[in-house]
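Student: First the structure, which I've put down as structure tokens, then a few questions once you've had a look.
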Amino acid sequence: MVSVIVPIYNAASTIQACIESILNQSENDLELILIDDGSTDESGTICDTYLEKDQRVRIIHQENKGRTVARWNGVKQSSGEWLTFVDADDTLPVHAIQYLLQGSDDDSDIVFGNGYSLSPEKRTHIPIEEFRHLAVRADGMIGVPWGSLYRRTVVTEYLFDLPRHMMMGEDYIYWLRLVFTTEKPVRIVYEHVYDKGDDHTSNVFQWTADYCYELNEWRKSAVPVDLQNIYFDDMLSDRIANLFAVSVCCHRKEWKKSRFYQDILDDLKTSNRRFSLKQKLFLAMPKAIKKCMIMR
């Protein structure tokens, strides 16, 4: 059985389509766990109507505690050998679970279903050591919990133990912690297994240097201390990507004085790296111009 876990908060306009897409999967050996995270709209009521319609549905109504806690509460109530997560404003193509299960085997704990976002070379599996580098760099779609399968034995409370105010990048920390809990190769699926909705956090989140500094502290804590030198360049590359996001949201004079930026400069020197000309030009652009470029 596959346990599909959906955290829900004020998603009345999208949750019905989400639920229907899961219950109508071609692979029907699944359970659907809906976690109503203290919604103040009709989301909880809509969920309740499915209890009578389908015996595979389970519902948890809880006080609002945030998406990460909601996911963990769903995991605790699940019974499937494999777990997957779906956001309340998203849907699954009809064969999604079937394709993901077909990609699994006894020698894997993770089935990565966003293989199309990696390099053009198609492989059925990636050794865990190599996949860890991809995860730390946040290559492709690694860093989002949806669109993949996880064996329940590796999904523990530790993966979700983050402060509530971490609303962006918390899924990335989830992945970093996850890939160091198993030594098995990661299976890769290249089929279309997820449809992302329009309303998601990255559309409205405002990155700041202070937030990215804290995110990096969580990043470092997710990588075992004795392995951090191995992943130093990978962590630095993703921090530079975070810096670009900060430069779009904040004025140059703000982030240039930050500890986050200064630490990046120090680590660039340590690794004998430097910003490319293209990167320097982007960072030097006014914030308004960067936003226009992204909107295009």
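The values are calculated or read from the model by the stated rules, or taken from the named source; none is laboratory data. Keep in mind that what you see is a predicted model, and the values were worked out from it rather than measured. Glycine also receives a Cβ, built like all others from the backbone with ideal geometry; neighbour counts cover every protein chain displayed. Just so you know, the surface numbers come from the protein's heavy atoms only, side chains and all, with ligands and any DNA or RNA stripped out. Shrake-Rupley method; radii C 1.70, N 1.55, O 1.52, S 1.80 Å.
Student: Restricting to region 181-210, what's the tally of residues that are closer than 24 Å to PHE260 by Cβ and either modelled with pLDDT of 95 or more or aromatic (Phe, Trp, Tyr) (or both)?
Tutor: Residues meeting the conditions: 5.
Student: Residues that are in contact with a helix residue (DSSP H, G or I) (Cβ under 7 Å, 6 or more places away or on another chain), under 20 Å from LEU32 (Cα atoms) and crowded, with 18+ Cβ neighbours inside 10 Å: does region 162-181 have at least one?
Tutor: No, because not a single residue in region 162-181 is in contact with a helix residue (DSSP H, G or I) (Cβ under 7 Å, 6 or more places away or on another chain), under 20 Å from LEU32 (Cα atoms) and crowded, with 18+ Cβ neighbours inside 10 Å.
Student: Okay, moving on. Say whether the condition of being part of a strand (DSSP E or B) and either open to solvent by less than 50 Å² (accessible area, probe 1.4 Å) or over 16 Å from ARG151 (Cα atoms) (or both) is met by at least one residue in region 86-103.
Tutor: Looking for residues that are part of a strand (DSSP E or B) and either open to solvent by less than 50 Å² (accessible area, probe 1.4 Å) or over 16 Å from ARG151 (Cα atoms) (or both), one finds at least one in region 86-103, hence yes.
Student: Select from region 5-43 the residues that are open to solvent by 10 Å² or more (accessible area, probe 1.4 Å) and part of a helix (DSSP H, G or I) and list them in ascending order.
Tutor: Across region 5-43, the qualifying residues are GLN16, ALA17, GLU20, SER21, LEU23.
Student: Go through the residues of region 207-218 one by one and say whether even a single one is small (Gly, Ala, Ser), surrounded by 21 or more Cβ atoms within 10 Å (Cβ to Cβ) and assigned to a helix (DSSP H, G or I).
Tutor: Within region 207-218, one or more residues are small (Gly, Ala, Ser), surrounded by 21 or more Cβ atoms within 10 Å (Cβ to Cβ) and assigned to a helix (DSSP H, G or I).
Student: Looking at ARG67 and the list (1) open to solvent by 30 Å² or more (accessible area, probe 1.4 Å); (2) touching a Pro at 6+ places or on another chain (Cβ under 8 Å); (3) over 26 Å from ARG132 (Cβ atoms), which single condition is not satisfied?
Tutor: Result: ARG67 passes all but (3).
Student: Restricting to region 229-276, count the residues that are in contact with a helix residue (DSSP H, G or I) (Cβ under 8 Å, 6 or more places away or on another chain), surrounded by 13 or more Cβ atoms within 10 Å (Cβ to Cβ) and not in a helix (DSSP H, G or I).
Tutor: Going through region 229-276 one residue at a time, the tally reaches 5.
Student: Filtering region 122-138 down to residues that are in a helix (DSSP H, G or I) and open to solvent by 60 Å² or more (accessible area, probe 1.4 Å), which residue is modelled with the lowest pLDDT?
Tutor: ARG137
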